[in-house]
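A short worksheet on the structure shown next.
The values are calculated or read from the model by the stated rules, or taken from the named source; none is laboratory data. Bear in mind that the values here come from a model prediction, so they are computed numbers and not experimental data. Here Cβ is always computed from backbone atoms with ideal geometry, including for glycine, and neighbour counts include all displayed protein chains.
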Amino acid sequence: MDTAIVIGSFVVCLLLFTAVGAWSARHKVDTTEDYLLASRSVSPWLTALSAVSTNNSGYMFIGLIGFTWRQGLEAVWITFGWVLGDYLTWHWVHRRVRQRSERVGALSVPALLATDNSGRVGRGIAGVAGLLTVFFLGGYAAAQLKAGATSLEVLFGWPLWLGCIIGIVVVVIYCFAGGIRASIWTDAVQSGVMLVAMAMLLASAVHQVGGWDALVDGLRAIDPQLVEWVPRDLAFGLGLYAVGFVAAGAGTIGQPHILVRFMAIDSANSLPKARRIYVVWYTAFSAAAMAVGLYARVLLPDLTAGLEGTAAVTATESALPLMAIALLPSVAIGLMLAGIFSATLSTADSQILACSAAVTQDILPRLKGSYVASKVATLGVAGVALLIALTANAGVFSLVLVAWAALAASLGPVLLVRLSGAPLPQPLAVAMMALGVAVVFTWGADATLADAIYKALPGMLAPLALYGVVRAVAPGWVRATPA
């Protein structure tokens, strides 16, 4: 590997992303709505590519590949469930998000949750949802920075802190330049780099190992359990295990950094076209990521030699950059590194902007009309995400799964009630969010339960059940109590 060539091709890609973000500033308007929602003018192509790039983050490049390296073919249930659940939300949720957000004038997801049918805003709902957004998305963004920094550490031996700082500096530059529009434009370019990088590595792995039969033979020789499709010792069977990951995919409804893309699209009528683009790209990329994880196990069978626990998990999350070093020429390694960074930055920038919106629109609503305050909030949230990335001990995969489940369980059920047009008293909405988070952490603390069903499923069902029970027992209170 020629380090100079690798760094050169990587830097060229980073400069391209930054330039695209800066170029978007030519179209900006210095208003809060433009900074946070691009004046609701984003095309379906850009919406789809941005959403899929944001969703396919360091989790996919680093976390999922590492998980597949450890678990083998059974990782298909995560991939299948996540894609299916996400697809289902497109058919009911996203159009209503676009329509309702414009009707009530919401510039953030917490504001969308807090505003009732008459336009009244429940400040308690907005404040709690805003705090949850900042807390969990801040941790989620930190996981992305950590994922990108991990690849730099593996390839160049650079310290983790340096990679995190490079990532946050690039994100802040183009967020400051054009807000959500810059994020969306750069996401579209990054999605292309991500797909090319993953396809290139997969093709090289197939050339090195062989096709499906050779791959399965290689996995079986390492450990016969790696070629088993069904996980062993599931407490509740395969059905609920798979449904848990479908719920994880549907957990998109609780992710502000993804939902905001649908709030920013130019029209609700553009969503079917965006959906078709998104689903094709997402399915292909998810399948490729899982395949790379399987080939990595055959090509790099000794990643965890002598390691246990968190150290072993962290080692498997370096599978992709190590494969790139082993299989690709130097220029292509730089492109692969840019692909990993693309994935991490495309998610981190979206999450930081979503947190900024939560701060100025929901936690401190007196600042909601201030364009300058939105930019200051972006800088502050970026600093918090960087701090978490530098101090957190958990791996990328675990950080993402916790944050995703907690947001899905706390914000998702409240959003479903809002979009249905049903009455939602403020105390009940806050109780639903609190219950969702409590169930996620309680379920996740039990290893048997956590391994059997992904915690997003019980976490989302519990608040919906609470709403159903309260509405059945006290329908008059539910209808009469303000939001």
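Here are some notes:
- Index of the failed condition, residue 191 passing every other in (1) in contact with a Phe, Trp or Tyr (Cβ under 9 Å, 6 or more places away or on another chain); (2) exposed (fewer than 15 other Cβ atoms within 10 Å of the Cβ): (2)
- Count of the stretch 223-237 residues which are surrounded by fewer than 14 Cβ atoms within 10 Å (Cβ to Cβ) and touching a helix residue (DSSP H, G or I) at 6+ places or on another chain (Cβ under 9 Å): 8
- Among the candidates 305, 291, 268, the residue that is among the hydrophobic types (A, V, I, L, M, F, W, C) and at pLDDT below 90 is uniquely 305.
- Cβ separations smaller than 7 Å between residues 6+ apart or across chains give the following pairs from the stretch 434-450 residues that are more than 16 Å from residue 462 (Cα to Cα) to residues that are of a type in the set (A, V, I, L, M, F, W, C) and exposed (fewer than 15 other Cβ atoms within 10 Å of the Cβ): 448/235.
- Candidates 431, 465 - the one that is at pLDDT 95 or above, assigned to a helix (DSSP H, G or I) and either of a type in the set (Lys, Arg) or under 22 Å from residue 127 (Cα atoms) (or both): 431
- Test: residue in the stretch 80-92 that is in contact with a Lys or Arg (Cβ under 7 Å, 6 or more places away or on another chain), surrounded by 20 or more Cβ atoms within 10 Å (Cβ to Cβ), part of a helix (DSSP H, G or I) and at negative phi: no
- Leading residue by the ranking (nearest to the chain's Cα centre (by Cα)) among those in the stretch 301-317 that are in contact (Cβ under 8 Å) with a residue 60 or more places away in the chain and crowded, with 18+ Cβ neighbours inside 10 Å: 317
- Of all residues in the stretch 108-121, those that are surrounded by 23 or more Cβ atoms within 10 Å (Cβ to Cβ) and not polar (S, T, N, Q) total 6.
- Residues satisfying the stated conditions in the stretch 1-38, i.e. hydroxyl-bearing (Ser, Thr, Tyr), closer than 30 Å to residue 100 by Cβ and either exposed (fewer than 15 other Cβ atoms within 10 Å of the Cβ) or free of Cβ contacts under 8 Å to residues at least 60 places away in the same chain (or both): 31
Conditions (1) within 21 Å of residue 200 (Cβ to Cβ); (2) aromatic (Phe, Trp, Tyr); (3) outside any helix (DSSP H, G or I), marked per residue:
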residue	(1), (2), (3)
11	yes, no, no
16	yes, no, no
20	no, no, no
26	no, no, no
35	no, yes, no
46	no, no, no
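- In the stretch 164-179 there is at least one residue that is within 25 Å of residue 328 (Cα to Cα) and crowded, with 21+ Cβ neighbours inside 10 Å.
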